[in-house]
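Before we start, here is the structure in question, set down as structure tokens.
The values are calculated or read from the model by the stated rules, or taken from the named source; none is laboratory data. What you see is a predicted model; the values in this text were computed from it and never measured. Please note: Cβ atoms are built from the backbone with ideal geometry, for glycine as well, and neighbour counts cover all protein chains shown. Calculation scope for accessible area: heavy atoms of the full protein, side chains included, ligands and nucleic acids excluded. Shrake-Rupley method; radii C 1.70, N 1.55, O 1.52, S 1.80 Å.
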Amino acid sequence: MSTSEPAGPEPSAESLLRATPPHRLVATAHRLLAERVGAEDVTVLLADYGLSVLQPVTHLPHTDEPVSAHEGPAGRAFAGQSPVVEITSVSSPTQAVHLPISVRGDRLGVLSVRLPRAATDTTTVLQLADFATALAHEVITAGRDTDLYLQARRTRRLTLAAEMQWQLLPGRGCARPEYVVGAHLEPAYTIGGDNFDWSTDADHFTLTVTDGMGQGIDASLLTSLAVGALRNARRAGIGLSDQACLADQALFAQYGGEKYASTLLLRFDLDSGVVSAVDAGSPELYRQRDDTVERIELDAQLPLGMFEETLYEEQTFQVEPGDRLVVVSTGVHSALGGDGGTFAERALRQILGATREEPPHEAARAMVDGLFEHFGTRELAADASVVCLDWNGRP
């Protein structure tokens, strides 16, 4: 007499998402959530390059009507990085839940799920939050094999220089218990020479902010070489000052001193809070401690690639739990108003103070928005980048 095999455990949502073709993640998410929590509608919204809107992912023409990235239920979920249950009429049989799609502090977008009203209990919302995190990992992985999610982020076409720069970035944010980083670039669709990069390991976090001279393709090629050289040196395990030296040699060998890249290199010791720094050019560093905003004055050394075989020296300073560090590029701190005053002199410190309670991602974006207000236009004359880091330290 034969007996049937007992049914195995139900496959996890993560394993089923991993098994789906890259372009079918949204369809698979809809099917899984319909089966497991009774979802009647599922929408994946990705933040556009300017962080102004959330764009729904569809197959053709790759996106539908966007919603605000800062207002409304989906916008609040994205900005606050926490689930938002949309308030609807008590007579409505369904209710929408909006959940951030994020990976280790890198904000990608929002998962919006419409459920029967009776299903929007705390346990289900927490399950949906876990699902949104799993989906975030798969969206990033799928981006290696399909253009769908990159296309969905665009409100218009990127310039070629901007395409190169966005592909060079590590992400928009990074988070660990010791720190949280958020960053923003503008003009998002025409960016040329500004870049930020980071890497973390067991005991250190390395951050660089680079401003390649020039505009367009020329600036993008220059910055790509600088960032590639810095990464190559960092991954060889050499010290911060030698990383700058090797990148300097690579740029000088290519351009002969005619073009150079201004770069700030920072390396955080996660145990002690001691920061090693090499200031090779123009990005400026500010620290907020309690209610005080101060610029950290570092020895100004030559930009990378300006002269042959430049030697660089490290300095150190200390960060304490609760400190916020903000790095701004030339396009931010040296932007001139109509009366000749710089943005740093007139508005930067004020915005730093006003955004102190905002998370780093929102603070970085608010500083660039302040730059737009300073000029009275969203058309910037130079690239602008802001990197904001909140330091928590280790117990």
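Enter the accessible area per residue of the chain (Å², integer; probe 1.4 Å; all protein chains in place).
Ligands and nucleic acids excluded, the figure is 45 Å² per residue.
Work from the charge dipole of the chain (Cβ charges, +1 for Lys and Arg, -1 for Asp and Glu, about the Cα centre) and give the residue of L285, P22, A134 farthest towards its positive end.
So the residue we want is P22.
A further question on this structure: Taking Cα atoms, how many degrees apart are the long axis of helix 360-375 and the longest axis of the chain, rounded to 10 and kept between 0 and 90?
Value to nearest ten degrees: 60.
Please work out the C-alpha center-to-center distance from region 85-122 to region 184-254 and express it in whole Å.
For region 85-122 versus region 184-254, the Cα centre distance is 39 Å.
Something else now. With contacts defined as alpha carbon pairs under 8 Å and 6 or more residues apart, what's the relative contact order of region 3-144 in percent? Before the final figure, lay out the partial values.
On the way: 232 pairs, mean separation 32.3, N = 142.
With pairs under 8 Å counted, the relative contact order is 23 percent.
Kirkwood Rh over Cα pairs of region 1-146 into Stokes-Einstein at 4 °C, 1.567 mPa s: D in µm²/s?
Working: Rh = 15.9 Å.
D, rounded to a whole number, is 81 µm²/s.
Let me ask something else. With every atom except the alpha carbons ignored, what do you get for Rg and Dmax of the chain, in angstroms?
Looking at the chain, its Cα Rg and Dmax stand at 22.8, 94 Å.
Comparing A280, A347, A162, which has the greatest mean-square fluctuation in the GNM of the chain with Cα pairs linked when under 10 Å apart?
A347
Can you tell me the 0 to 90 degree angle between the C-alpha axis of helix 216-235 and the longest principal axis of the chain, rounded to 10?
Taking the Cα atoms of the chain, the angle to 216-235 is about 90 degrees.
Roughly speaking, to the nearest percent, how much of region 214-270's 1.4 Å accessible area is carbon and sulfur?
For region 214-270, the apolar C and S fraction of the accessible surface comes to 45 percent.
Separate question: Report M306's accessible area, 1.4 Å probe, all protein chains in place, as a number in Å² to the nearest 10.
The value for M306 is about 50 Å².
Calculate the all-directions average of the projected area of region 235-369's alpha-carbon convex hull, and give it in nm².
With every direction weighted equally, the projected area is 9.7 nm².
Another question, then. For region 104-153, what is the largest minus smallest coordinate of the Cα atoms on each principal axis, given in angstrom and ordered from greatest to least?
Sorted from largest, the Cα extents of region 104-153 read 38, 21, 15 Å.
What residue among T200, T208, T123 has the largest mean-square fluctuation in a Gaussian network model of the chain, using Cα springs under 10 Å?
With Cα springs under 10 Å in the chain, the top fluctuation among T200, T208, T123 is at T123.
If you don't mind, there's one more thing I want to ask. Within the accessible area of region 1-145, what % is carbon and sulfur when the probe is 1.4 Å and the other protein chains stay in place?
On the way: 4070 of 7390 Å².
Of all accessible area on region 1-145, carbon and sulfur atoms account for 55 percent.
Calculate for the chain the 222 nm mean residue ellipticity that helices alone would give, adding -39,500 (n - 2.57) per DSSP H run of length 4 or more and normalising by residue count, nearest 500 deg cm²/dmol.
Using -39500 (n - 2.57) per qualifying helix, the result is -10000 deg cm²/dmol.
Once label points are set 7 Å from the Cα along Cα→Cβ at both I296 and Q167, what is their separation, rounded to one decimal in nm?
3.3 nm
Over all distinct Cα pairs, what is the inverse of the mean 1/r for region 149-246, reported as the Kirkwood hydrodynamic radius in Å? Display every interim value, and only then the final one.
On the way: mean 1/r = 0.0691 Å⁻¹.
So the Kirkwood estimate lands at 14.5 Å.
Here is a further query. Give me the mean projected area, in nm² to one decimal, of the convex hull enclosing the Cα positions of region 227-275.
Numbers: hull surface 14.7 nm².
So the mean shadow area of the Cα hull is 3.7 nm².
Something else about it: Gaussian network model of the chain, Cα springs within a sub-10 Å range: biggest mean-square fluctuation belongs to which of Q127, Q165, Q350?
Q127
Helix 25-37 against the longest principal axis of the chain: what's the angle in degrees, Cα atoms only, rounded to the nearest 10?
Once rounded, the angle reads 50 degrees.
Work out the FRET efficiency for L150 and E309 from their Cβ-Cβ distance, taking R0 = 35 Å, and round it to the nearest 0.05.
Once rounded, the FRET efficiency stands at 0.30.
In whole percent, and with a 1.4 Å probe on the protein chains, what portion of the accessible area of region 275-335 is carbon and sulfur?
Answer for region 275-335: carbon and sulfur cover 43 percent of the accessible area.
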